[in-house]
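Novice: Dumping the structure here so I can ask a few things about it.
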Amino acid sequence: MRSFSRVAVFSIFIFLFVHGCSSIDNLSQAFPIIEPDPGHTKLRLSREGLEAIERITTPIAAVSVIGPGRSGKSFLLNQLLSLSCYEGFGVGHTRDTETKGIWVWGAPLELDIDGVKTSVFYLDTEGFDSVGKSNVYDDRIFALATVMSSVLIYNLPEMVRETDISRLSFAVELAEEFYGRYIGQEVAFETAKLLWLIQRDFLLGKSVQEMIDEALRHVPNADGDKNIDQVNQIRDSLAIMGTNNTAFSLPLPHLQRTKLCDMKDDELDPVYVQKRKRLKEIVASIIRPKIVQGKPLTGKEFVSFLEQILEALNKGKIPSTGSLVEVFNKGILDQCLKLYGDLMDNLGLPASEDSLQKVHEGSKDAALNVFYEQHFGRYHAKRSAEKLVGEMEKIYKNYILANEFQSSKLCEALYTKCEDKMDQLQVLRLPSLAKFNAGFLHCNQSFERECIGPSKSSYELRMMKMLGKSKSLFIEKYNHKLFNWLVSFSLVMVILGRFVIKFILIEMGAWIVLIFLETYTRLFWSAESLYYNRVWHVIVATWETLVYSPILDLDRWAIPLGTIFAILVLHRQCKQSYHWLFPMHNNKKV
């Protein structure tokens, strides 16, 4: 019996424990949903508050209050919820931050929005610029509130400063970028309605809305000042919110701020009470369900959405507001410039201008594709992309100069080679027009094939002039050299035919050629007249056939062949001399 009682008590204890751990009975209190890690650098989920949200099966809307620390955000939320400081969000009166991370009021307000029952949660965020936190931590809090909210109340004391605009634009871009990067597509959530709430409205002559519009207006920059240009780019990044900006002023509820939590409405400034009522109406009028991927989120979907955002923010190596987007993109710019340079180096120089331009365009597109895949921010990144293009164009100009130098160097070497070749052809031992033309054609073709790049056109003109002069000079001397060679050749053949070979036909042919050449030039006063004779043309054709062909080049082989021929003749002569000296040597008696 005693053991049964122990088992029953233990079972009841386990049931109450599990029931207490798995559910929250009292939702009328504030719960943390996002908490900082010990180092205040990253954020983590708090299941206690998320459980309260997951219960909701209707569409959800969230109203967040952001702003500097000690600016009265928690008190403002309690006022919007019609709760006292002791019932609602904790309000601190010390220099220490009361709210850590992001907190939610567990009991949502049920509103009918366009015929749809919507559960509205109010979120309190940790104030930025607190002591002992990194800028990155502030940025993540700011970004999460920007993404989660349907209405984002930017609670500011006194007036809007440039740092407030910069911080908000950065948070909007930060949230948009990392959500889009995590999902793997363009931003797919509707941005929050932004309500600029200016407290201590003592300004005269301008309404708060006019002050906000003026603060967000482009600053004239006729001189192209870079600092002003950056200020205007920050304003451009807020274009994602479009016409979602609303401004409202709220005076101090009472001069004694430390006693506000103990005061009733009848003790507060009547103007404050009246404007607080108006503020509630404005907030209720602009609330809309949170839309992601084209549909409103329920409690579980909202928590899943929050988990994705937080994971992306914690994984991302994001810069702080002070460094802005360009700092993060600098590493990507360097990587893209290196990729561009590596791709350009694959093209050996020199290259044709069209090839260089084509490789440049391809390398630039590849580098920009990598940049657009990895860059940070949509609006600030435009400036980084322009900077990347500018740097690539500078590098491309250096490649153009290097290509011109290499092209000039190559074409100059080919030109010099052809010039030397033409000089060698001018002094052929055996003048041959066919050999000259073959060398001329080879030079021209090799230059046309191997000389590439921007210097080719200028060197082509030089090449044409040089080849033209060389050919004219060769032709001018060709006939005279050939005439002298033929005369000398005829005399040699007369001697060989009469005394060495002793072949009468060779001797007679040589005499005929010699007599023709000598008598023709004597009769017609000059050798030039011979060059127009048909007989001369036949002689030239025969000479060219014997001297040069693709198989045999007598200019190269004349000396070796002449030497061999001379040795054979001498050998024959020696053999005949031997028979003359010893006449009886081979006579045999029969």
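Novice: Return one whole number: the accessible area per residue of the range 348-468 in Å², for a 1.4 Å probe.
Specialist: It amounts to 54 Å² per residue over the range 348-468.
Novice: What order do you get for 71-81, 333-343 when each peptide is scored by the mean count of other beta carbon atoms within 10 Å, highest first?
Specialist: So the order, starting with the most tightly packed, is 71-81, 333-343.
Novice: On the protein heavy atoms, probe 1.4 angstrom, tell me the percent of accessible surface of the range 378-481 carried by carbon and sulfur.
Specialist: 57 percent
Novice: Could the peptides 49-55, 409-415, 156-162 be put in order, highest first, of the mean number of other beta-carbon atoms found within 10 Å of their residues?
Specialist: 49-55, 409-415, 156-162
Novice: Taking 7 Å along the Cα-to-C-beta vector as the label spot, tell me the ASP365-LEU401 distance in nanometres, rounded to one decimal.
Specialist: 2.9 nm
Novice: Here is a further query. How high is the FRET efficiency between ARG217 and ILE282 when r is their beta carbon distance and R₀ equals 30 Å, given to the nearest 0.05?
Specialist: 0.85
Novice: Only residues of the range 379-411 count here: report those whose backbone N is under 12 Å from the spot 7 Å along Cα→Cβ of SER458, or say none.
Specialist: Correct set: 404-409, 411.
Novice: Excluding residues fewer than 8 places away in the same chain, name every one of the lysines whose C-alpha is closer than 19 Å to that of LYS358.
Specialist: LYS338, LYS394, LYS397, LYS456
Novice: Please list, in order, the residues from the range 260-304 whose amide nitrogen is less than 15 Å from a point placed 7 Å along the Cα→Cβ vector of THR57.
Specialist: Answer for this model: 298-301.
Novice: Please give the length that would be gained between LEU552 and LYS117 if that part of the chain were fully extended, namely 0.36 nm times their separation in residues minus their C-alpha to C-alpha distance (nm, one decimal).
Specialist: 146.2 nm
Novice: Also: Within the range 450-473, find all residues whose amide N lies under 13 Å from a label point positioned 7 Å from the Cα of GLN426 along Cα-to-beta-carbon.
Specialist: 466-473
The values are calculated or read from the model by the stated rules, or taken from the named source; none is laboratory data. Everything quoted here is computed from the prediction, not taken from an experiment. Note that each Cβ is placed from the backbone with ideal geometry, even for glycine, and that neighbours are counted across all protein chains shown. We work out accessible area using only protein heavy atoms, side chains counted, and drop any ligands, DNA or RNA first. Shrake-Rupley method; radii C 1.70, N 1.55, O 1.52, S 1.80 Å.
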